[in-house]
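The values are calculated or read from the model by the stated rules, or taken from the named source; none is laboratory data. Please read these numbers as outputs of a predicted model, since none were measured by experiment. Neighbour counts are summed over all protein chains in view; Cβ atoms, including those assigned to glycine, are modelled from backbone coordinates with ideal geometry.
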Amino acid sequence: MNVVTTPLEDCFVLKPEVFEDERGWFTESFNQKVFEECLGRKIKFVQDNRSFSKNGVLRGLHFQYGEYQQAKLISVEKGAIQDVCVDLRKDSSTYGLYFSIELSDSNKKQLFVPRGFAHGFLVLSNEAIVSYKCDNYYNRSAESGIIYNDLELDIPWNLKGRIPVVSEKDALWPTFQQQPFL
């Protein structure tokens with residue numbers, strides 16, 4: 001597994017080794033021991049999530065706060081997404097900065113997002129199935145978010161002039177500055 005640092009502190013892109021031949025390909029999508037050796041830290045994932053979305057759907061920017069924060073390992077099983085994470089840790093040197101990357105079933109890259117980050121994605125393909133491992137259980141009462149088009153964050157979503165399809169909840173999140181849990 002190849003681990004690449006990002007401009008955000010503690011956030012990494014992982015590229016698993018892929019073995020291809022005339023039959024197709026094989027990759028080990030997750031190995032706890034190798035993962036921890038590559039990141040240099042212990043992470044225990046306790047929940048796996050999957051979502052199916054259509055082209056132009058934008059989910060996020062979501063996070064959980066307090067004792068319910070989650071680290072995530074994101075990958076795409078089908079299609080392509082623009083994946084974005086924002087550092088919400090006030091004591092971090094990259095507080096308030098974002099990182100954006102295309103994850104797809106063809107590039108097989110994964111993104112490790114540590115606790116204390118907001119996360120969201122935009123579907124670039126006709127359909128996408130996104131999976132992510134979490135190191136803490138989801139807790140509805142600790143759920144929050146930041147509006148995807150926050151002017152201060154100024155995330156360049158790959159919308160190509162389109163209006164994204166967002167849930168009512170995602171359309172009503174406060175801005176980064178208005179977020180009461182930061």
- Query: Scanning the stretch 50-74 for residues that are polar (S, T, N, Q) and farther than 16 Å from Pro114 by Cα, which turns out surrounded by the most Cβ atoms within 10 Å (Cβ to Cβ)?
  - Reply: Ser53
- Query: Looking only at residues in the stretch 159-172 that are of a type in the set (A, V, I, L, M, F, W, C) and within 25 Å of Ser125 (Cα to Cα), which one is surrounded by the most Cβ atoms within 10 Å (Cβ to Cβ)?
  - Reply: Val166
- Task: Kindly establish whether Ser131 is among the hydroxyl-bearing types (Ser, Thr, Tyr) and within 22 Å of Phe35 (Cα to Cα).
- Result: yes
- Among (1) farther than 23 Å from Tyr98 by Cα; (2) more than 15 Å from the chain's Cα centre (by Cα); (3) surrounded by 11 or more Cβ atoms within 10 Å (Cβ to Cβ), where does Leu39 come up short? (1)
- Matching option when the condition is within 23 Å of Lys15 (Cα to Cα) and within 9 Å of the chain's Cα centre (by Cα), among Leu111, Leu103: Leu111
- Boolean, Phe121 is within 16 Å of Pro7 (Cα to Cα), crowded, with 18+ Cβ neighbours inside 10 Å and touching a residue at least 24 places away in the same chain (Cβ under 8 Å): no
- Selection status of Arg50, more than 13 Å from Gln110 (Cβ to Cβ), among the charged types (D, E, K, R), assigned to a strand (DSSP E or B) and out of contact with any His (no Cβ under 7 Å at 6 or more places or on another chain): yes
- Message: So the check is Cβ under 6 Å with 6+ separation or different chains; which pairs have a first residue in the stretch 96-112 that's touching a residue at least 60 places away in the same chain (Cβ under 8 Å) and a second one that's aromatic (Phe, Trp, Tyr) and crowded, with 16+ Cβ neighbours inside 10 Å?
- Response: Phe112/Phe12
- Among residues belonging to the stretch 141-153 that are of a type outside the set (A, V, I, L, M) and closer than 15 Å to Gly60 by Cα, point out the one that is surrounded by the fewest Cβ atoms within 10 Å (Cβ to Cβ). Glu143
- Say we look at the stretch 60-100 and pick out the residues that are touching a strand residue (DSSP E or B) at 6+ places or on another chain (Cβ under 8 Å) and among the polar types (S, T, N, Q); which of these is nearest to Asp10 (Cα to Cα)? Thr94
- Task: Can you tell me which residue among Glu28, Glu9, Glu77 is surrounded by fewer than 19 Cβ atoms within 10 Å (Cβ to Cβ) and over 17 Å from the mean Cα position of the chain (by Cα)?
- Result: Glu28
- Task: Mind counting the residues in the stretch 29-65 that are at pLDDT below 90 and within 30 Å of Leu159 (Cβ to Cβ)?
- Result: 1
